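Presented below is the structure to which this report refers.
Derivation of every value follows stated rules applied to the coordinates shown; laboratory data play no part. Since we're looking at a predicted model, the values are computed, not measured. Using ideal geometry, Cβ is built from the backbone for each residue, glycine included, and neighbour counts are taken over all protein chains shown.
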Amino acid sequence: MSLRSVLAATVLAAVVTTIPAAPAQAANPYERGPAPTTASIEATTGPFATASTTVARTSGFGGGAIYYPTTTSAGTFGAVAIAPGYTNSRSAVAWLGPRIASQGFVVIVIDTLSVYDFPDSRGTQLLAALDYLTGSSSVRTRIDASRLGVMGYSMGGGGSLSASRTRPSLQAAVPLTPWHTTKSWSTDRVPTLIIGAENDSTAPVASHAEPFYTSLPSTLDKAYLELNNATHSAPTSANVTIAKYSISWLKRFIDNDTRYEQFLCPAPSGSAIQEYRDTCPHS
């Protein structure tokens, strides 16, 4: 090899060794838990062991129960506040607390200041509960205060819509058979999954869940799931369909976890679903 060739090869090697390798694409820092499967999100218990603690009545909401993952090794978690319906205590929707928490969330299921509180008051109380969780609760260090969501049943579902309109920084909302006298939510900016029930005579989907969904901006990440042959009280007992799609929605938008997109887009179907509408794709 000539001297010129040797020098050229040496220079080339030096250049190559000084060029930094392309950085690996960073994984989503909010992913919590293993890759999901249909079985894992339909299961009664998710991958995280949970514990619970009760909260006394405050000036902002009527107290409640907090469910949270016992591990701290995974980092902080998103948080969700859940409100019951008219005349109900938190026991009506208590099943959702440990079920959602076991998938990697801190969850507070609240009692309202009065069981007769209307939706807007319930929305205000949901926000007060989130502020309590992130501000002074015993689990506050487990929570990422920038990743919060709301859920609710009946008037609590209407309250979750109200809370979303009030606080657009929320990451997700899941109203369950929601009831509200306000029919237009065109100013809402929070990704919202509305779950209605085909045979709901208390909050008929034609005058509640469906117009709520339709009124949400077309540019918003939104979906409407109607439970087949179900009544208004469907969310008050353990329901695989409600859990499966609520968890998928919360994971997708609170955790930004696109691994759950597969359960939302394309639109799901099956014997438990009467109708599903959405603004896919979300990713």
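Some points to look at:
- Using the average count of surrounding beta-carbon atoms within 10 Å as a protection proxy, the listed peptides 67-80, 132-145 rank, highest first, as 67-80, 132-145.
- Relative contact order computed over the chain (Cα-Cα under 8 Å; 6+ residues apart), in percent: 15
- Total formal charge among the other residues, if their Cβ is under 13 angstrom from that of Asp111, Lys/Arg +1 and Asp/Glu -1: +2
- Under the Karplus curve 6.51 cos²θ - 1.76 cosθ + 1.60, θ = phi - 60°, whole-Hz ³J(HN,Hα) for the stretch 178-191, x wherever Gly or Pro sits: x, 10, 6, 6, 6, 9, 10, 10, 5, 9, 5, 10, 9, x
- Cα gyration tensor shape for the stretch 184-283, rounded if a/c is under 1.5, else prolate or oblate: oblate
- For Thr50, the residues whose amide H sits under 5 Å from its own are Thr70, ignoring neighbours fewer than 5 places away on the same chain, with H placed 1.01 Å from N.
- Within the chain, helix-based [θ] at 222 nm, where runs of 4 or more DSSP H residues each add -39,500 (n - 2.57), nearest 500: -8500 deg cm²/dmol
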